[in-house]
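Okay, so here's the structure we're looking at.
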């Protein structure tokens with residue numbers, strides 16, 4: 001019984017951990033399927049996390065925070081799009097640059113505006129954050145192990161953004177596989193010449209994809225700073241953007257498998273938090289760092305073709321120039 | 001003007017003018033940010049330059065930081081020459097520190113001149129070992145080196161945290177770091193070395209490894225531009241298909257270059273740990289691997305340029321920390337912003353100024369009688 005409760009709580013923690021990963025991985029999905037490397041997820045998320053926390057702290061509204069987070073991430077996306085598409089610059093370099101710039105600008109502005117050592121002020125009021133939404137009778141249902149506890153912990157009790165992330169997976173799959181825009185987007189990541197020949201603008205499609213990617217990262221970053229925690233702290237994305245990219249590769253650039261990879265990585269993370277210092281039968285204490293490193297090791301193995309094969313979109317990383 | 005001289009002219013413009021213009025653009029944008037947070041950009045720049053070059057102490061620190069960036073800059077540049085982007089210098093430097101650190105911890109009372117070669121070898125071998133798997137995967141299985149090296153940065157970070165927390169930690173201590181290395185393994189500082197010949201300079205962490213870094217730069221230059229193997233590297237970087245036709249094995253070049261790149265990054269702890277910290281600490285590379293990208297891009301991968309650009313970035317770090325004393329609203333994060341902007345302008349937006357510069361040159365040349 002106790003293990004059952006523990007498992008349910010673990011899965012609930014997994015859902016919360018997975019939310020920013022799923023959002024960022026979907027962001028990466030749109031960008032990479034259009035042929036643009038999505039290394040900038042980390043920076044766009046961090047920028048959004050700062051903007052959301054700062055605006056929410058000043059205005060007192062979580063919704064304005066979300067708006068600011070999405071806006072800032074989309075502005076960063078625009079910088080990336082201008083560099084990668086219009087200027088045909090090196091996509092890896094551009095993304096790394098954006099990540100580093102944001103890692104510096106966010107704490108600089110936080111220090112100057114709030115004077116709290118590079119953080120934003122703690123968000124104490126309810127309206128400043130997206131807090132857990134408790135569904136009807138969830139409190140009463142908790143005493144019943146099945147299905148009450150599952151209702152109370154897994155369905156109820158998450159912030160709005162968790163539900164948004166869950167909904168965006170099928171929406172993204174639909175957009176990508178069932179709409180004309182999605183077909184063109186996938187085509188431009190495989191064979192931009194063909195798309196261009198068909199009279200569709202490669203640049204326009206890639207701009208759209210990168211902007212969608214920015215908006216999604218905006219939601220992910222907002223979740224980190226004003227839902228999962230109550231304020232912005234330095235480097236709060238802590239590599240989640242790269243982890244999302246790993247999940248995207250792990251999910252072979254498809255929406256549902258990518259979500260699965262995000263859940264797997266988030267589960268490892270939640271498990272690591274749970275197993276901190278706990279001695280297990282047979283194996284003893286599993287070092288937390290090993291569990292943390294696991295997603296990266298798995299991704300490297302996958303990339304090496306040792307566990308399945310993951311083939312990226314064919315035109316990824318190659319700037320498109322008409323007539324070449 | 002002959003054809004050759006003309007192309008040399010282009011080359012010089014691109015090697016000197018372009019990085020200067022890019023740096024200027026980065027500084028202008030940074031200045032706007034400084035303005036936004038309510039400080040005077042001019043004063044900030046003056047304080048920054050004064051902090052970096054205004055005193056013997058400032059210069060010493062600047063060159064000390066530059067030493068780290070020469071190593072990582074060379075690491076990124078060598079890989080870039082062969083057409084690869086090594087984002088893993090950070091992790092390779094971290095693991096290199098394990099090698100150098102273990103040698104220093106095991107050195108006992110061995111004299112420095114015996115410890116140093118062993119430490120250099122260990123640092124290089126450990127750094128290269130950390131690049132080995134990404135290199136092998138790229139050469140044999142076609143995995144993207146950018147992704148694998150990023151993953152290896154995170155794996156290195158987890159591994160080193162585990163080692164420092166559980167294995168190498170000094171017993172009875174709370175902070176995850178090793179015990180201090182014996183003084184016999186410390187790099188002699190510049191004030192030490194120059195003091196012996198009667199020149200007195202301020203005591204700073206600047207040490208012998210600065211000369212090792214310069215020697216490494218010279219070595220990389222000789223290797224890449226003056227040897228057969230370097231020719232193979234450059235051909236592979238420019239055109240792998242042509243390299244194949246010329247009888248060069250791109251996968252072999254990829255493999256060896258990445259090992260060299262890892263070894264160069266692995267040498268960073270010769271300065272950071274043996275020269276200054278004298279123990280293995282958590283996350284001691286502190287982003288130097290990423291600064292290496294900025295350095296290499298700005299220098300267009302040439303070792304001489306890398307030394308110059310490394311000094312520039314060393315000055316930013318040193319000047320930035322001085323700046324944070326005088327301007328409470330500006331801290332070292334501002335330097336990170338400038339680094340990022342330099343990467344953006346030199347690497348991502350390099351066409352932004354290149355074409356206008358060419359057009360400008362065309363005008364100047366057009367006005368001249370032929």
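The values are calculated or read from the model by the stated rules, or taken from the named source; none is laboratory data. Owing to the predicted nature of the structure, the values given are computational and were not obtained by experimental measurement. Cβ: placed from backbone, ideal geometry, glycine included. Neighbour counts: every protein chain shown.
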Please determine whether any residue of the stretch B:30-37 is over 15 Å from the mean Cα position of the chain (by Cα), within 14 Å of chain A (Cβ to nearest Cβ), modelled with pLDDT under 90 and outside any helix (DSSP H, G or I).
yes
Any residue in the stretch A:121-135 that is away from chain B (no Cβ under 14 Å), in a helix (DSSP H, G or I), buried (at least 24 other Cβ atoms within 10 Å of the Cβ) and in contact with a helix residue (DSSP H, G or I) (Cβ under 8 Å, 6 or more places away or on another chain)?
yes
Criterion first (farther than 17 Å from residue A:100 by Cα, in a helix (DSSP H, G or I) and in contact (Cβ under 8 Å) with a residue 40 or more places away in the chain) does residue B:296 satisfy it?
no
Top-ranked residue in the stretch B:299-322 [being more than 12 Å from chain A (Cβ to nearest Cβ), farther than 22 Å from residue B:212 by Cβ and assigned to a helix (DSSP H, G or I); ranked as modelled with the highest pLDDT]:
B:319
Which residue out of A:66, A:109, A:41, A:23 is buried (at least 24 other Cβ atoms within 10 Å of the Cβ), within 14 Å of another protein chain (Cβ to nearest Cβ), within 15 Å of residue A:221 (Cβ to Cβ) and touching a residue at least 12 places away in the same chain (Cβ under 8 Å)?
A:41
Condition first: buried (at least 21 other Cβ atoms within 10 Å of the Cβ), within 20 Å of residue A:37 (Cβ to Cβ), within 13 Å of chain B (Cβ to nearest Cβ) and in contact with a helix residue (DSSP H, G or I) (Cβ under 8 Å, 6 or more places away or on another chain). Can you find one or more residues in the stretch A:268-277 that meet it?
no
Of B:132, B:126, B:85, the only residue that is surrounded by fewer than 24 Cβ atoms within 10 Å (Cβ to Cβ) and assigned to a helix (DSSP H, G or I) is B:132
Within the stretch B:174-211, the residues that are over 26 Å from the mean Cα position of the chain (by Cα) and assigned to a helix (DSSP H, G or I) are B:183, B:184, B:195, B:196
Near pairs, Cβ below 6 angstrom, 6+ apart or cross-chain, from the stretch B:125-151 (within 12 Å of another protein chain (Cβ to nearest Cβ)) to any residue that is assigned to a loop (DSSP other than H, G, I, E, B) and crowded, with 21+ Cβ neighbours inside 10 Å
B:137/B:143; B:145/B:84; B:146/B:87; B:149/B:86; B:149/B:87; B:149/B:88; B:150/B:87
Run down B:43, B:62, B:67, B:72 and say which single residue is within 14 Å of another protein chain (Cβ to nearest Cβ) and either surrounded by fewer than 24 Cβ atoms within 10 Å (Cβ to Cβ) or touching a residue at least 40 places away in the same chain (Cβ under 8 Å) (or both).
B:72
Condition check: within 13 Å of chain A (Cβ to nearest Cβ), within 28 Å of residue B:257 (Cα to Cα) and in a helix (DSSP H, G or I). Does residue B:156 satisfy that?
yes
Within the bounds of the stretch A:30-38, is there any residue that is under 19 Å from residue A:228 (Cα atoms), within 12 Å of chain B (Cβ to nearest Cβ) and in contact (Cβ under 8 Å) with a residue 40 or more places away in the chain?
no
Kindly list the number of the only condition in (1) assigned to a helix (DSSP H, G or I); (2) more than 14 Å from chain A (Cβ to nearest Cβ) that fails for residue B:171.
(1)
Taking the criterion of being within 20 Å of the chain's Cα centre (by Cα), more than 10 Å from chain B (Cβ to nearest Cβ) and assigned to a loop (DSSP other than H, G, I, E, B), would at least one residue in the stretch A:317-324 satisfy it?
no
For residue B:273, the lone unmet condition from (1) in a helix (DSSP H, G or I); (2) touching a helix residue (DSSP H, G or I) at 6+ places or on another chain (Cβ under 8 Å); (3) modelled with pLDDT under 90 is (3)
So residue B:11 fits all but one of (1) modelled with pLDDT under 90; (2) part of a helix (DSSP H, G or I); (3) farther than 30 Å from residue B:258 by Cα; what number is the exception?
(3)
Answer residue from the stretch B:99-114, given it is touching a helix residue (DSSP H, G or I) at 6+ places or on another chain (Cβ under 8 Å), surrounded by fewer than 24 Cβ atoms within 10 Å (Cβ to Cβ) and in a helix (DSSP H, G or I) and is nearest to the other protein chains (Cβ to nearest Cβ) among those
B:102
Take residue B:94 and decide whether it is closer than 25 Å to residue B:215 by Cβ, surrounded by fewer than 24 Cβ atoms within 10 Å (Cβ to Cβ), under 19 Å from the mean Cα position of the chain (by Cα) and within 14 Å of chain A (Cβ to nearest Cβ).
no
Residue check for residue A:256: assigned to a helix (DSSP H, G or I), in contact (Cβ under 8 Å) with a residue 24 or more places away in the chain, within 30 Å of residue A:81 (Cβ to Cβ) and within 14 Å of chain B (Cβ to nearest Cβ):
no
Filter the stretch A:100-120 for residues that are under 24 Å from the mean Cα position of the chain (by Cα) and part of a loop (DSSP other than H, G, I, E, B) and give the result.
A:118, A:119, A:120
Name the residue, out of A:87, A:91, that is surrounded by fewer than 24 Cβ atoms within 10 Å (Cβ to Cβ) and within 14 Å of chain B (Cβ to nearest Cβ).
A:87
Only one of these is modelled with pLDDT of 90 or more, buried (at least 24 other Cβ atoms within 10 Å of the Cβ) and more than 13 Å from the chain's Cα centre (by Cα): B:295, B:291, B:342, B:337. Name it.
B:337
What are the residues in the stretch A:218-249 that are over 20 Å from residue B:158 (Cα atoms) and within 12 Å of chain B (Cβ to nearest Cβ), if any?
A:248, A:249
Does residue A:289 meet the test of being closer than 22 Å to residue B:163 by Cα, away from chain B (no Cβ under 11 Å) and in contact with a helix residue (DSSP H, G or I) (Cβ under 6 Å, 6 or more places away or on another chain)?
no
